[in-house]
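The block underneath contains the structure these notes are about, expressed in structure tokens.
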Amino acid sequence: MPAARLRGFRPSWLSPKVARTEVLAGLVVALALIPEAISFSIIAGVDPSVGLFASFTMAVTIAIVGGRPAMISAATGAVALVIAPLNREHGLSHLAAAVILGGLIQVILGSLGVAKLMRFVPRSVMVGFVNALAILIFAAQIPEMENVPWAVYPLVAGGLALMVFFPRITRVVPAPLVSIAILTVITVAAGIAVPTVGDKGALPSSLPVPGLPDVPFTLDTLKLIAPYALAMALVGLMESLMTAKLVDDLTDTHSDKTRESIGQGIANIVTGLFGGMGGCAMIGQTMINVKNGARTRLSTFLAGVFLMVLCIVFGPVVSQIPMAALVAVMVLVAFGTFDWHSIAPATLKRMPAGEITVMVVTVAAVIATHNLAIGVVLGSLTAMVIFARRVAHLVNVTAVTDPEGGHVVYAVTGELFFASSNDLVSRFDYATDPDRVIIDLAGAHIWDASSVAALDAVTTKYGARGKTVEIIGLNAHSAKMHDTLSGELTGSH
């Protein structure tokens, strides 16, 4: 085979330039993962090593089976919140069993095409999601800056300055990595006493061992873990698919959402078998990865590998990293994530009130619950209600009476569905209309049974007065729905 054709089969990450970017981005992400994974372990009520192992297995597995290159999956706060009660009341074995079951549910939902539901998430919800995410990332750093030695503040400021100005010198090495290294050297060399990664909890000293959870394989166990597994599966898929869509937009590339959904399930099954706490896409770490130029699966895979290497081989060194350095990285990520254009006065003036309402509802729900999935659901429901109200007012009914008084033609235009068809019955003059009534639906479309029921009600009201109704102009879809359901929606026939 010619050398040119062989080069065509070579993955892009084998290019030295791309590989360097992917390796360095993966290293920065691994460093940022450590305190987050430990924090989420505390939320879930498990040992820090459980969260770190989960982040390792999630990242490595999703790098192979996932559908969105460069996206980072690991232990997350949303999943930790869902499974914390189960661990508190029944222990780590039941938690691991729930993670495996949750993964199976995600595989099933992914296979059934749940990813296609993402098309129903409006842009205003996506903007609200991104802004809420930025606020949550920033808010998560505030506790790290409260009741701490004064030296933390200049270290955070110095870290931010390094990340802003260092790229002007060179972009060969990611600025966050440089910032973390310099601040660590300064604090260790000068003996500055500030909170470090080691203060968050002990790092693991050996690799995890796979095995089935030590729980009774009974129906009672299934009933116990199923609600937690389902909640974890839904929250994990929601966050992962939203993050994948965000990365698609940032990189101008397309990803396979169905493969990503199934991949999340496989990653959670593997994580559960290793006794991990489960997880999903990590938006903050994904943003770090993408902003540092990563675009392939290599960075995700290496983030997981580096995480374990840093913990097991370089644990003593990593433990010395000041939390101030990682706080600075996350603050800059939050600032870069927020869609500042969406709240600019000029944008708000042009934006329809309904769009702004949806964005505000999404942000408010996420901040109130600290759950991105709840915000997305509430924002999408708000958007649907606003859309339904808007479309419902676009239905028009105009009457043209035959000059000789023999019949009347009602022209109905617009989209007929439950919101718009409810008041359709009141738009006709049953008492004074002639004996023959024609309803022309050439300019309308029937979408649901409510509309057919409304037309049946109109026909019945005219029939009670001895008048006949003829419905004309139905398009193929509307005609099929009308023919199928007309006269079948009440028990009077």
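The values are calculated or read from the model by the stated rules, or taken from the named source; none is laboratory data. Fair warning: this is a prediction, and the values are worked out from it, not measured in the lab. Here the Cβ positions follow ideal geometry from the backbone for every residue, glycine too, while neighbour counts run over all protein chains shown. Keep in mind that these areas ignore ligands, DNA and RNA; they rest on the heavy atoms of the full protein, side chains included. Shrake-Rupley method; radii C 1.70, N 1.55, O 1.52, S 1.80 Å.
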Original post:
Projected onto the charge dipole of the chain (+1 at Lys/Arg Cβ, -1 at Asp/Glu Cβ, origin at the Cα centre), which of LEU183, PRO143, PRO345 gives the Cα projection farthest towards the positive end?
Top reply: LEU183
Original post:
log10 I(q)/I(0), Debye, Cα-only the chain, no solvent, q = 0.13 Å⁻¹?
Top reply: -1.16
Original post:
With the other protein chains left in place, how much accessible area per residue, in square angstrom, belongs to the stretch 175-301 at a 1.4 angstrom probe?
Top reply: 41 Å²
Original post:
Using θ = phi - 60° and the Karplus form 6.51 cos²θ - 1.76 cosθ + 1.60, what ³J(HN,Hα) does each residue of the stretch 39-49 get, whole Hz, x for Gly and Pro?
Top reply: 4, 5, 4, 5, 4, 6, x, 10, 5, x, 4
**OP:** Specify the inter-centroid distance of the stretch 444-458 and the stretch 214-258, based on alpha-carbon positions, in whole Å.
**Re:** 38 Å
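With an 8 Å Cα cut-off and a minimum separation of 6 or more residues, compute the relative contact order for the chain in percent. Can you show the working numbers first?
Working: 852 pairs, mean separation 121.9, N = 493.
About 25 percent, as a whole number.
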Subject >> Cα-based helix-to-principal-axis angle, 152-165 vs the chain, degrees rounded to 10 >> reply: 70 degrees
Original post:
Among the aspartates and glutamates, which have Cα under 17 Å from the Cα of LYS200 when same-chain residues fewer than 8 positions away are ignored?
Top reply: GLU36, ASP47, GLU144, GLU146
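Going by average Cβ neighbours within 10 Å, how do the peptides 185-191, 47-53, 170-176 rank, with the highest at the top? Could you put the intermediate results ahead of the total?
On the way: 185-191: 11.9, 47-53: 24.7, 170-176: 17.7.
Packing order, densest peptide first, comes out as 47-53, 170-176, 185-191.
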Original post:
aspartates and glutamates near LYS480 by alpha-carbon distance under 18 Å, same-chain residues fewer than 8 away left out - which ones?
Top reply: GLU415, ASP440, ASP448, ASP456, GLU470, GLU488
**OP:** Give a quick list of chymotrypsin sites (Phe, Trp or Tyr not before Pro) in the stretch 309-346 that DSSP marks as loop, anything other than H, G, I, E or B, with at most 13 other Cβ atoms within 10 Å.
**Re:** PHE314
**OP:** For the chain, find the longest principal axis of its Cα atoms and tell me its angle to the long axis of helix 219-251, 0 to 90°, nearest 10.
**Re:** 90 degrees
Subject >> Column: log10 I(q)/I(0), Debye, Cα scatterers of the stretch 210-312, q = 0.19, 0.23 Å⁻¹ >> reply: -1.07, -1.37
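Rounded to the nearest 500 deg cm²/dmol, what is the calculated helix-only ellipticity per residue at 222 nm for the chain, with -39500 (n - 2.57) per DSSP H run of length n ≥ 4?
On the way: 20 runs with 302 residues, N = 493.
That comes out to -20000 deg cm²/dmol.
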**OP:** On a 0 to 90° scale, report how tilted helix 297-312 is relative to the longest principal axis of the chain, with both axes built from alpha carbons and the result rounded to the nearest 10.
**Re:** 40 degrees
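Is the stretch 77-155 best put as rounded, prolate or oblate by its Cα gyration tensor, with a ≥ b ≥ c the root eigenvalues, rounded for a/c under 1.5, and otherwise prolate when a/b is larger than b/c, oblate when not? Could you put the intermediate results ahead of the total?
On the way: a/c = 3.93, a/b = 1.31, b/c = 2.99.
Verdict is oblate for the stretch 77-155.
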Subject >> Percent breakdown of C-alpha pair distances by 10 Å bin, ordered from the shortest bin, for the stretch 63-222 >> reply: 7, 20, 30, 25, 15, 3, 0
**OP:** Heavy atoms only, probe 1.4 Å: what % of the accessible area of the chain goes to carbon and sulfur, would you let me know?
**Re:** 66 percent
Original post:
Separation of the stretch 299-349 and the stretch 12-76 by C-alpha centroid, Å?
Top reply: 12 Å
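Give the peptides 293-303, 357-367, 387-397 in descending order of average Cβ contacts within 10 Å, highest first. All intermediate terms of the calculation are to be shown ahead of the outcome.
Details: 293-303: 24.7, 357-367: 21.5, 387-397: 14.1.
Sorting 293-303, 357-367, 387-397 by mean packing, highest first, produces 293-303, 357-367, 387-397.
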Original post:
How large is the dipole of the stretch 368-486 about the Cα centre if only Lys and Arg carry +1 and Asp and Glu carry -1, each at its Cβ, rounded to the nearest 20 debye?
Top reply: 380 debye
Subject >> Shape call, the stretch 289-348: gyration tensor on alpha carbons, a/c limit 1.5 >> reply: oblate
**OP:** Starting with the highest mean, order 273-284, 467-478, 438-449 by the number of other Cβ atoms within 10 Å, averaged over the residues of each peptide.
**Re:** 273-284, 438-449, 467-478
